[in-house]
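No lab work stands behind these numbers, since they all come straight from the coordinates. None of these values were measured; they are calculated from a predicted model. All Cβ positions, even for glycine, are placed from backbone atoms using ideal geometry, and neighbour counts span all protein chains on display.
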Amino acid sequence: MYYKYDRKMFRFKLDLQGKFSGEHLRWVAGFNLLNFKIGEVNLDKLNKGKEGDELLPEIDGLYKKYQDWGIISEEEADGGFVPTFKAGLVYDSRDNKPNPMKGLWTEAVILGAPDFLGSESSFAKLSLTHRQYFTIVPDDLSFVYRLGYQSTIGGHVPFYYQTQLITSVMKRYFSEGLGGAISLRGIRRNRIVGDGIFYGNAEARWKFARFRFINNNFYLGLNGFLDFGQVTKKIDVDPKTAFLPQEEAYFDEGAEKMHYSYGAGIRIVMNQNFIVAVDYGMAADKRDGDSGLYIGLNYLF
């Protein structure tokens, strides 16, 4: 419970895309309303019906300590309203969207949160994503990778928004990271947070069996992966308002480096486009977590 806080989030999101030029280049635009309600963990609710060793202890968590130290301001501590607009370009030459064997997807998106619409503070972010797909064995084996970068290019981003991954379209699990099902599998969700981040995934995908069942075409796939990510721009802390402890247990200025995870998964695919996915990832550094099992739909990208 030391690392947790309570969060309730309302989201309204609209994403639009249209052809810009030719078959592959498209424009993207979007509007997003987010409202965060933040607080300490409700231990009474979590401990209901428990007794003895099952009870979660009452401790000052990191969320409370960050308020005491001035890292999280009083204004941001309870959450807030974040309206955002975004615009960008996408180049997409993939041969098959559910599981491409060749082609690429490259996008550039700028997102802004204006304070005149009620945002607690105004800011702008830039997001760049590149995915590429290579055929190793026709129809059966491919190598794919994704590289992503996003950074604040203006203003101040509230701490509760820093976990959001910005993309041209909303991904499953609300596009949050780094760490977890959609970014670094095996690393704890939202483990790596910064004002700027870089991340990547490299994956080999093998279709090892094909068959017909209930009048439909199926194939089974295996994938092995390496995920990685790092903070490229740290979040500034105002030295005039922050009173930071000197213990190395809390802060190590030189500790940030590349974070790695690795693992494998299986896919059950019907008619090329309905994909049941199971991935198991392990963190390379115990400080990033232990492991994670993820069950859902589709390939990661």
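Annotations
- DSSP-assigned coil residues among GluC sites (Glu not before Pro) in the stretch 53-130, each with at most 15 further Cβ atoms within 10 Å: Glu58, Glu74, Glu75
- Distant-in-sequence amide contacts of Asn298, defined by a placed amide H-H separation under 5 Å and a gap of 5 or more residues or a different chain, comprise Ile275, Val276, Ala277.
- Entry note: the stretch 52-130 has Rg to Rh equal to 1.24, where both radii use alpha-carbon atoms and Rh is the Kirkwood radius.
- Between Leu220 and Leu55, the distance separating the two model label sites (each 7 Å from Cα on the Cα→Cβ line) works out to 5.0 nm.
- Spin-label pair Lys19-Ile266: with each label point 7 Å from Cα along the Cα-Cβ axis, the two points sit 4.2 nm from one another.
- Linear extension gain, Val237 paired with Glu75, 0.36 nm per residue minus alpha-carbon span: 56.8 nm
- Measuring nothing but alpha carbons in the stretch 6-297 and taking Rh as the Kirkwood radius, the Rg to Rh ratio lands at 1.00.
- Theoretical gain in end-to-end length, Asn96 to Ser291 [0.36 nm per residue, Cα-Cα removed]: 67.1 nm
- Placing a label point 7 Å from the Cα of Lys45 along the Cα-to-Cβ direction, no residue of the stretch 181-196 has its backbone N under 14 Å from that point.
- Its relative contact order, with pairs defined as Cα atoms under 8 Å and 6+ residues apart, puts the chain at 13 percent.
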